[in-house]
1. Taking the chain as a Gaussian network, Cα atoms linked when under 10 Å apart, which of 122, 259, 332 shows the biggest mean-square fluctuation?
2. What's the extension gain from residue 99 to residue 251 if we count 0.36 nm per residue and subtract their Cα-Cα distance?
3. With labels modelled as points extended 7 Å from the Cα through the Cβ direction, what inter-label distance (nm, one decimal) is found for residue 355 paired with residue 41?
4. Sorted by packing (mean other beta-carbon atoms within 10 Å per residue), highest first, where do 243-254, 98-109 land?
5. Which of the peptides 224-236, 284-296 is most tightly packed, and how do the rest follow, going by the mean number of other Cβ atoms within 10 Å of each residue?
6. Taking a ≥ b ≥ c as the square roots of the Cα gyration tensor eigenvalues, with a/c under 1.5 meaning rounded and otherwise prolate when a/b beats b/c, else oblate, which class fits the range 40-94?
7. Quick one: grab the alpha carbon gyration tensor of the range 9-57, order the square roots of its eigenvalues as a ≥ b ≥ c, and give me rounded if a/c is under 1.5, else prolate or oblate depending on whether a/b is larger than b/c.
8. Please say if the range 47-198 is rounded, prolate or oblate, where rounded means a/c under 1.5 for a ≥ b ≥ c the square roots of the C-alpha gyration tensor eigenvalues, and otherwise the choice is prolate for a/b larger than b/c and oblate otherwise?
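Read-outs: derived from the displayed coordinates by stated rules, not from any lab. Everything quoted here is computed from the prediction, not taken from an experiment. Here the Cβ positions follow ideal geometry from the backbone for every residue, glycine too, while neighbour counts run over all protein chains shown.
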Ligand SMILES: Cc1cc2nc3c(=O)[nH]c(=O)nc-3n(C[C@H](O)[C@H](O)[C@H](O)COP(=O)(O)OP(=O)(O)OC[C@H]3O[C@@H](n4cnc5c(N)ncnc54)[C@H](O)[C@@H]3O)c2cc1C
Ligand SMILES: *[C@@H]1O[C@H](CO)[C@@H](O)[C@H](O)[C@H]1NC(C)=O
């Protein structure tokens, strides 16, 4: 009898699972569906680029990230999308973020040696390391940073598309169902706040050919207190920004139960812009690091939606009350880098061979077990998009 697996959602988790389950021949047939063609505009991975870095305070994620980075660098289907630009990480003023960074950096040095990271202890040391683009930057007197030259970014949409093979089907009967619908989970499944859909602001700036050539070799510059930036995209010549400081929800009634109110992602037509606060953060970033671009307009602004857990662990477990529905969710804003290898662990989960460590980390926890708040993204204030101000073309 044919044994079919249906994967709902072709984002990072769905695609990676599809590829590994097919490779391992776990099922006779795998059907992966999505509300849109890959890369879906609803996917958090439908983006120019995402950071691929090994720094984690939790050593098991660091090892998972280093394993993923071997695939990003090797001759895998996604490797042409990976660019090792290096990542300049500005030391945060937020104690939570600072703690995360210093433990992460110590872990990396323990695993890879002292020279895995370069400390830049003053504005002068930072300027000297990146003379072409930071020479005019009015860096704060007390700024310090850490540079990892063995980190980079992946062209996100390109990498997702490289992992797809499509098949048309009509009615799908499946023996096993993987729910990998990212931030949309609570629209269909009541997770009782085990995962929360949060929107993060993304914006772009158009560069000219000359400007592109000037900035093309910059590293990722990540200031966790303000915003971060990627090297410009070679095709579109767009600079991409994302802001820090605020994360957004959009609380609304669910269709399956009128009395359950939870955050569900907005559609791009509901908001074609990002909150004023996010734009102000990006301009603050520009004035500090790239003042020559600080009077230029932002464009192609959008909210990018993640499925967040309070402890930042993924949620990969059976849906309670079912025997054949596996939730693959809870990306917590850091799962893109695992596109090449998270599927391997989903296969292990299905086969019952996943290590106890990961099984415990990714299980459907009791609600009180989620009290361990991991604030590695720094102190983020949560606001409802309905309550914040938007000014078009600011
Ligand atoms: C601004 C921003 C920056 C980020 N930066 C990084 C980074 O630098 N590094 C990093 O590692 N990670 C980063 N991430 C996180 C990363 O993008 C996510 O962790 C990852 O995309 C989550 O994968 P997913 O498969 O769970 O969800 P998604 O990639 O969002 O995919 C979900 C899929 O489900 C589909 N879907 C939804 N509802 C339905 C339905 N009803 N029926 C069928 N299909 C449906 C959607 O169309 C979509 O394709 C970032 C995220 C954001 C928002
Ligand atoms: C809807 O949710 C409420 C609150 O969680 C719960 O008490 C009620 O039983 C649910 N109704 C149905 C029909 O499931």
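1. 259
2. Numbers: separation 152, 0.36 × 152 = 54.72 nm, distance 3.11 nm.
This chain segment gains 51.6 nm when fully extended.
3. Modelled inter-label distance: 4.1 nm.
4. 243-254, 98-109
5. Sorting 224-236, 284-296 by mean packing, highest first, produces 224-236, 284-296.
6. In terms of gyration-tensor shape, oblate.
7. oblate
8. Since a/c reaches 1.5 and a/b is larger than b/c, the shape of the range 47-198 is classed as prolate.
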